[in-house]
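Report on the structure given below.
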Amino acid sequence: MKVYLFGQRNNLGGGTHFAGFVDAMKSLAAIGGMVEEVEVSGKNQSCCQPNSTKRCVSFFFPTLSEQFVKGTIIKWGIFETDSLPDDYISYLKRSHLIWVPSQWAKTVLISHGLNGDQIHVVHEGVNPDIYHPYCRSKSPASNIFRFFMCGKKETRKGFDELLEGFRSPLAVMKQQNCI
């Protein structure tokens, strides 16, 4: 069995999540040796993996042709609107499983006629080696905390959760003598 991960590492959201997912999968002792990253970029948009078998699992992060891949096909469904083009819906239907980052995304796909049983919410994680909000050293140059969030003010963007997130850790930070 082999696990193929089709995608592109870059500094955009999808590329960052793809890179983190690949690195995490490769680090797993039980399956790390079976994981193969298939970098997709530019003109290489129609990838095929001739060595795949019915026992293989292929994850597709961008919209790519899966016609030459054998085995289980999992597609990462990412979008930011509740009105999706027919060709994207058709693309997602040609998979065994669809991973989406939120319940909202699952609801959108179901409303477009996809089978809810094949759609699974897999939240986009946070790497604690990079992001650790508690007990950061304070900059000697400034004692002012600034935070910037840019996005359309709507429920799915999580502004309410963001504000609650800033409120909740204060007690934890005080207990750990961080503030």
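The values are calculated or read from the model by the stated rules, or taken from the named source; none is laboratory data. Computed from a predicted structure; not experimentally measured. We work out accessible area using only protein heavy atoms, side chains counted, and drop any ligands, DNA or RNA first. Shrake-Rupley method; radii C 1.70, N 1.55, O 1.52, S 1.80 Å.
Points to keep in mind about this one:
- L163 exposes around 100 Å² of accessible area when a 1.4 Å probe is run over every protein chain in place.
- In terms of its Cα atoms, segment 6-119 spans 38, 32, 30 Å along the principal axes, sorted from long to short.
- Couplings for segment 96-103, taken from phi via the Karplus curve 6.51 cos²θ - 1.76 cosθ + 1.60 with θ = phi - 60°, read 7, 9, 10, 9, 10, x, 7, 5 Hz in order; Gly and Pro are left as x.
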